[in-house]
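Colleague: Sending over a structure as structure tokens; questions will come in a sec.
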Amino acid sequence: MPESVSIVPAPRYVEPGDGPGLGLGAGVGLLVGPHPAEIALGVYVARLAERIGIGPVDMLSADDGRDHLIELRLDPAAGPVDADPAERYSLVVDHRRAVVRAPAVTGLYYGVVTLRQTLCSDPSGLVYAPALRVEDAPRFAWRGLSVDVARHFYPVEDIELVMSLMGYYKLNVLHLHLTDDQGWRLDVASRPGLVERSAGSAVHGAPGGYYTSDEYRRIVAFAASRGITVVPEIDVPGHVNAALHAYGELTPSGEPAEAYTGIEVGFSRLSAGLPATRRFLQDVFTDAAAMTPGPYVHLGGDEVLGLEPDEYAALVGIAHDAVRDAGKVVVAWQEAAGVPLAPGSVLQYWDPRTGQAELVAAAAAGCRVLMSPGSRAYLDMKYDAAYPRGLEWAGHIELRDAYDWDPTLLVPGLRTESVIGVEAAIWTETLTTVDELTEMLLPRLTAVAEVAWTAAGRRSWDSYRRRVAAHRDYWDLIGVRWYPSPQVDW
Ligand code: ACM
């Protein structure tokens, strides 16, 4: 990559072009196609141009031959031909034009993001795009971030900000951890008591909250505008105290559980022997699936310390069947590897302490594996011992720890083809505000994004640490808090 260009994640192929590049001032043309998604992207680019000082653009539906044009063109042959047409793109910038081509609108969006990341200002303040040529496509299809909105709640606006950051780094899956012991955060039609009685609580007495069905729709729509698929997680059969508090019929005594606002894990559980349990699981998973246009629903399955394997398998099986009956693909934490899952289901690896053999066996039986190793991708771990927030059970994660790993080399015996991708996770036991959240995400989320996007042979720590330094300007511009890792010369 040219020294002056700081694209993160690093593209598959980039080379400098001839000449100084394209000056971008008021009156630059923006040529977009006629489909609603193309027009929506055009509006996004026009707003962006105003916000970053380029000024008003001329939206064009036909090429009028002018110089100084940004062109977004759907083209089935664009981008690296061996890559998925849904995400690949090309970008060519010369002194007349910046042309993004892609087979699909998400690829056009990624080309725009890449162009945005290359913009500079000359001494007079004029914004310009350096001349270059990019051919780009991701290494992994699943490039995710899991956000725990159960321990502390984050309203839609906060989630939109997080999705904006995700889009800027070409992450394409938002996994929402919507339920846990401390609170239930999604209103589902069949069980209004869940949010009536269990959404008001959060860790250590913090205010709770929940997403109405309209708000969830807003999240899904915003996600779509950034090429992001939303995966809702209803965590069962453990991490269910909020459900047991809302519905006493789910406890053996028939009495609702006390609300819980501590941060222990592993103590709550559903009971397979209770008649109400099966209906509960069927109802909530059917509702979550119906509210979600994307293909995946996550059923949790982690950290159920008080359940025998047979009862665990029975409960996961009911949730699994409800998700499948609703036409969705099951995602579950790695603990579910011992339960028979439909081929194509996704198991999410997080804990190196257990279960690697079961994971390899499940993959051999047709499951896919998503990599979220706690010691690399859990962005709620402290940066170092002195950092004031975060947990430490998986160690400290400085920027280089989040960067220097390969998702296909974590689990001995797991075939590379079984790895569907990479997902960062942020658990919020100790994170109460969106500022605290983004300070944990930035810069480490950009490191995980490059692990997920860029082929192993085309990335290096030395290159990344130089490029990421330039991104502080963007974070400061949009006003998000970030952590000045001492491993980078900011
Ligand atoms: C997890 O961290 N309990 C998935």
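The values are calculated or read from the model by the stated rules, or taken from the named source; none is laboratory data. The structure presented is a predicted model; accordingly, all values stated were derived computationally and were not measured. No Cβ is skipped: glycine too gets one built from the backbone with ideal geometry, and neighbour counts run over all protein chains shown.
Colleague: Select, from VAL236, VAL284, the only residue that is buried (at least 17 other Cβ atoms within 10 Å of the Cβ) and either among the hydroxyl-bearing types (Ser, Thr, Tyr) or out of contact with any helix residue (DSSP H, G or I) (no Cβ under 6 Å at 6 or more places or on another chain) (or both).
Modeller: VAL284
Colleague: Ok, one more. Output the number of residues of the stretch 298-336 satisfying the condition of being within 18 Å of TYR349 (Cα to Cα), outside any helix (DSSP H, G or I) and within 16 Å of the ligand (Cβ to nearest atom).
Modeller: The total comes to 12.
Colleague: Among the residues of the stretch 257-267, is any more than 16 Å from the ligand (Cβ to nearest atom) and either in a strand (DSSP E or B) or over 23 Å from ALA202 (Cβ atoms) (or both)?
Modeller: no
Colleague: Of the residues GLY366, GLY395, which is surrounded by fewer than 16 Cβ atoms within 10 Å (Cβ to Cβ), within 24 Å of GLY300 (Cα to Cα) and touching a helix residue (DSSP H, G or I) at 6+ places or on another chain (Cβ under 6 Å)?
Modeller: GLY395
Colleague: Looking only at the stretch 257-309, how many residues end up being in contact with a strand residue (DSSP E or B) (Cβ under 7 Å, 6 or more places away or on another chain) and of a type in the set (A, V, I, L, M, F, W, C)?
Modeller: Selection size over the stretch 257-309: 10.
Colleague: Of the residues in the stretch 337-348, how many are assigned to a loop (DSSP other than H, G, I, E, B) and either under 25 Å from GLY395 (Cβ atoms) or hydrophobic (A, V, I, L, M, F, W, C) (or both)?
Modeller: So the count comes out to 3.
Colleague: What is the residue count in the stretch 452-476 for residues that are among the aliphatic types (A, V, I, L, M), part of a helix (DSSP H, G or I) and modelled with pLDDT of 95 or more?
Modeller: Qualifying residue count, the stretch 452-476: 3.
Colleague: Quick check: anything in the stretch 431-453 away from the ligand (no atom under 16 Å from the Cβ), among the aromatic types (Phe, Trp, Tyr) and under 27 Å from ASP235 (Cβ atoms)?
Modeller: Scanning the stretch 431-453, I find no residue that is away from the ligand (no atom under 16 Å from the Cβ), among the aromatic types (Phe, Trp, Tyr) and under 27 Å from ASP235 (Cβ atoms), so the answer is no.
Colleague: So, one more: Looking only at the stretch 158-191, which residues are of a type in the set (S, T, N, Q) and either crowded, with 23+ Cβ neighbours inside 10 Å or touching a Pro at 6+ places or on another chain (Cβ under 6 Å) (or both)?
Modeller: ASN172, THR179, GLN182 - these are the residues of the stretch 158-191 that are of a type in the set (S, T, N, Q) and either crowded, with 23+ Cβ neighbours inside 10 Å or touching a Pro at 6+ places or on another chain (Cβ under 6 Å) (or both).
Colleague: Also, I was wondering about something else. Among the numbered conditions (1) touching a residue at least 24 places away in the same chain (Cβ under 8 Å); (2) more than 22 Å from TYR168 (Cα to Cα), tell me where VAL81 comes up short.
Modeller: So VAL81 meets the others, but not (1).
Colleague: So, one more: Determine, yes or no, whether GLN348 is on the phi < 0 side of the Ramachandran plot and surrounded by fewer than 19 Cβ atoms within 10 Å (Cβ to Cβ).
Modeller: For GLN348, the condition - on the phi < 0 side of the Ramachandran plot and surrounded by fewer than 19 Cβ atoms within 10 Å (Cβ to Cβ) - is not met.
Colleague: Quick check: anything in the stretch 246-257 within 24 Å of the chain's Cα centre (by Cα), touching a residue at least 60 places away in the same chain (Cβ under 8 Å) and more than 30 Å from TYR168 (Cβ to Cβ)?
Modeller: no
Colleague: Okay, next question. Could you tell me whether any residue of the stretch 481-489 is more than 16 Å from the ligand (Cβ to nearest atom), among the β-branched types (Val, Ile, Thr) and in a helix (DSSP H, G or I)?
Modeller: no
Results for (1) surrounded by 14 or more Cβ atoms within 10 Å (Cβ to Cβ); (2) free of Cβ contacts under 8 Å to residues at least 24 places away in the same chain; (3) over 22 Å from the mean Cα position of the chain (by Cα), shown as yes or no for each residue.
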| residue | (1), (2), (3) |
| --- | --- |
| PRO412 | no, no, yes |
| GLY421 | yes, no, no |
| ALA425 | yes, no, no |
| GLU429 | yes, no, no |
| ALA452 | yes, no, no |
| SER463 | yes, no, yes |
| VAL468 | yes, no, no |
| TYR474 | yes, no, no |
| ARG481 | yes, no, no |
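Colleague: Looking at (1) within 16 Å of the ligand (Cβ to nearest atom); (2) under 21 Å from the mean Cα position of the chain (by Cα), which is the only condition GLY294 fails?
Modeller: Looking at each condition in turn, GLY294 falls short on (1).
Colleague: Which condition does ALA26 not pass, out of (1) farther than 30 Å from ARG458 by Cβ; (2) touching a residue at least 40 places away in the same chain (Cβ under 8 Å), if it passes all the others?
Modeller: (2)
Colleague: Same structure again: Can you name the number of the only condition in (1) more than 16 Å from the ligand (Cβ to nearest atom); (2) part of a loop (DSSP other than H, G, I, E, B) that ASP351 fails?
Modeller: Here ASP351 meets the rest and fails (1).
Let's see how each residue does on (1) loosely packed, with under 15 Cβ neighbours inside 10 Å; (2) touching a Pro at 6+ places or on another chain (Cβ under 9 Å):
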position	(1), (2)
VAL43	yes, no
ARG47	yes, no
ASP58	no, no
ASP67	yes, no
PRO76	yes, yes
GLY79	no, yes
TYR89	no, yes
HIS95	no, yes
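Colleague: Across the stretch 356-374, what is the total count of residues that are within 16 Å of the ligand (Cβ to nearest atom), more than 12 Å from ALA332 (Cβ to Cβ) and not in a helix (DSSP H, G or I)?
Modeller: Within the stretch 356-374, residues that are within 16 Å of the ligand (Cβ to nearest atom), more than 12 Å from ALA332 (Cβ to Cβ) and not in a helix (DSSP H, G or I) number 3.
Colleague: Anything in the stretch 376-396 that is part of a helix (DSSP H, G or I) and away from the ligand (no atom under 12 Å from the Cβ)? List them, or say none.
Modeller: ARG376
Colleague: Out of all the residues in the stretch 376-386, which are over 18 Å from the mean Cα position of the chain (by Cα) and either closer than 20 Å to ASN172 by Cα or free of Cβ contacts under 8 Å to residues at least 40 places away in the same chain (or both)?
Modeller: LYS382, ASP384, ALA385, ALA386
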